[in-house]
Amino acid sequence: MRNKNTARLTAILLLLCLSLTASPAISAITCQVSPKQIDINLTYHGATLTVTGESAPGDDLVIRIGNKAAPAHYKYIGKAGGIFWMKKGNITFKNVPGVYILASSGKLESILDPEAMKANLLGYAAIKATAEIEEGNPGLSKNEARWKNEFIRFKEKQNLYTIHPGTVTIQPGQTNTYRVEVPWPFQAPPGTYSIEAMAIRNGKVAERARTDFTVARTGMVAKLTDLAFNKPALYGIMAVVIAIIAGFAVGMIFKKGGGAH
Amino acid sequence: MYMYLPIALTSANYLVVVGLGLLVGLLSGLFGVGGGFLMTPLLMMIGIPPTIAAATDANQIVAASASGTYAHWRLGNVDYKMGIYLLIGGFVGGAFGVQIIKALRATGGADFLIKITYVVMLGAVGAFMFFESLNAMRKSKNKPVAETGEVAQVEKRTGFFASLPMQTYFEKSGVTHSALVPVALGVFVGVLAAIMGVGGGFLMVPVMIYMLRMPMHVVVGTSLFQIMFTCIEVTFLQSYSNHTVDFLLAILLLVGSVFGAQIGTIIGKKLHGDQLKILLAIIVLGVTVKIVLELVMEPSILLAMKGGH
């Protein structure tokens, strides 16, 4: 009898464990991206990334695309002599991603708590909160908020920081499927980028799934870059010789046509 | 419609880039200027980083000036002797100017000096050419037979320039000068050009017209000849040391500029010397006004990429 009870108890505990591991809170979200590689060829003008996956019913979604935080070096512009606006010195922002693209199923502020936004680097306010201006320039650090705003505006102007609220579409089902198409800016340099899909439940990030994709130079673009950086003398001579030949060749074409006489 | 530029790390509409090349090539053929003072800001406006814009511009000027030099050589408008003296001075002055900038960058005063030099030189050259040409055009209206561009050749040579040693006759230009004069003027223009980061055509042209008293048609051909060599040096050094020449961008620009230079040469032949000068003066003054406005008006964003002026 005691053995029977023990077996029942074990079975109940096992079922409980199984149901917990099978619950949407742990394994429901997935993330895939297409294409896995973006080729920078001669006609490249950016691309469209399609991010798809599955998520638990009832969850909102935020997709974050970008790269690791690293120092970003710029020149800051100020007034010189009380009249002229010009570059005055160097400014370095630390702990800032080079590329930052967010897409979500709703307005960030309405689906996420402020603390969750800050903790998960979601939204420009979170970036400003974690960014640091390198020490050594007291005039700049006194006015940190202003320079951090300028940094975000500069990145937005370059299309390297973008937020697309409400663009993630969710198809309801036993398990939801989601999809979002995100424009990838041609200004983003080659490299490996990560995509993180976050399931939002009760204002908090409940689950995550990650995938990577690469942006790489191919064909003529790759060959020219290689030549410019690894054989600069040859590259320089080629640039000069082709320019001279082109100049004289067109001059001769015009001569044959009698245009210049 | 778009082409990716591997060194500039950006994508640009190639019709726009070819169009810019055509416009600046036209000026090059018309006035004998490289057009760097105009092209670099135009390239920056379409999103090319400043350092890449300046270096690549030098590469396309090689093609435009080669095309223009060829056209002017056939017309017999290149004073090679004068060109080589100016070139020697230009190389020496350029090297000296680069050292001045290096020293100033170390003290942090370079950017201010560059901008001020730009405004003062462009403004002075533009205003002087404008009023001088306007006067000459008024006079030529009163005396339609007079060839105002050639008057200088028969002027009596007196004063400091005539007393210098190594006097030599420049047959093509029909002027006699000490060989030291074009070399010294070359040094002067070379220093300023290096400080301002431009080829110096817009400075060299007035120097040849007003100080060396060369006829306008020879000035344009000789200036293009000299600019071609200066820009060959700049293109190679920028490619080799800084990796800032975007060859694909240069190709697109030169497709436009070589044709523009030929068209400019043809139009130039149909215009009077003073009409050419006053047109160049208006363009130079326009660029000066643009730079002054940029200096005094608060930019929309107070951050800029590192590099460039």
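Annotations for the structure displayed:
- Residues in region A:114-127 that are more than 16 Å from the chain's Cα centre (by Cα) and either within 22 Å of residue A:65 (Cβ to Cβ) or within 14 Å of chain B (Cβ to nearest Cβ) (or both): A:116, A:117, A:118, A:119, A:125.
- Number of positions in region B:167-180 that are crowded, with 24+ Cβ neighbours inside 10 Å and of a type in the set (A, V, I, L, M): 0
- Single match in A:209, A:199, A:145, A:233 (criterion: small (Gly, Ala, Ser) and either outside the structural domain of residue A:59 (by TED's automatic domain parsing) or under 18 Å from residue B:6 (Cβ atoms) (or both)): A:233
- Contact map, region B:274-299: residues that are within 14 Å of chain A (Cβ to nearest Cβ) and within 17 Å of residue B:207 (Cα to Cα) paired with residues that are among the charged types (D, E, K, R) and part of a helix (DSSP H, G or I), Cβ distance under 6 Å, separation 6+ or inter-chain. No pairs are found.
- When the residues of region B:109-143 are filtered to those that are in contact with a strand residue (DSSP E or B) (Cβ under 7 Å, 6 or more places away or on another chain) and buried (at least 18 other Cβ atoms within 10 Å of the Cβ), the one that is modelled with the lowest pLDDT is B:111.
- Being more than 7 Å from chain B (Cβ to nearest Cβ), at pLDDT 95 or above and surrounded by 14 or more Cβ atoms within 10 Å (Cβ to Cβ) holds for only one residue in A:192, A:218, A:214, and it is A:218.
- Residues that are within 8 Å of chain A (Cβ to nearest Cβ) and either surrounded by 24 or more Cβ atoms within 10 Å (Cβ to Cβ) or not hydroxyl-bearing (Ser, Thr, Tyr) (or both) were ranked within region B:229-242; the one that is farthest from the chain's Cα centre (by Cα) is B:239.
- Unique match (being in contact with a helix residue (DSSP H, G or I) (Cβ under 8 Å, 6 or more places away or on another chain), within 9 Å of chain A (Cβ to nearest Cβ) and crowded, with 24+ Cβ neighbours inside 10 Å) among B:63, B:53: B:63
- Residue B:245 being farther than 18 Å from residue B:129 by Cβ, among the aliphatic types (A, V, I, L, M) and crowded, with 24+ Cβ neighbours inside 10 Å: yes
- Inspection of region A:197-208 finds no residue satisfying the criterion of being among the basic types (Lys, Arg), touching a Ser or Thr at 6+ places or on another chain (Cβ under 9 Å) and either buried (at least 18 other Cβ atoms within 10 Å of the Cβ) or more than 29 Å from residue B:241 (Cα to Cα) (or both).
- Scanning region A:81-105 for residues that are within 30 Å of residue A:214 (Cβ to Cβ) and either away from chain B (no Cβ under 14 Å) or not β-branched (Val, Ile, Thr) (or both) gives A:93, A:94, A:95, A:97, A:98, A:100, A:101, A:102, A:103, A:104, A:105.
The values are calculated or read from the model by the stated rules, or taken from the named source; none is laboratory data. Please read all numbers here as calculations on a predicted model, not as lab measurements. Reconstructed Cβ throughout: ideal geometry from the backbone, glycine too, with neighbour counts over all protein chains shown.
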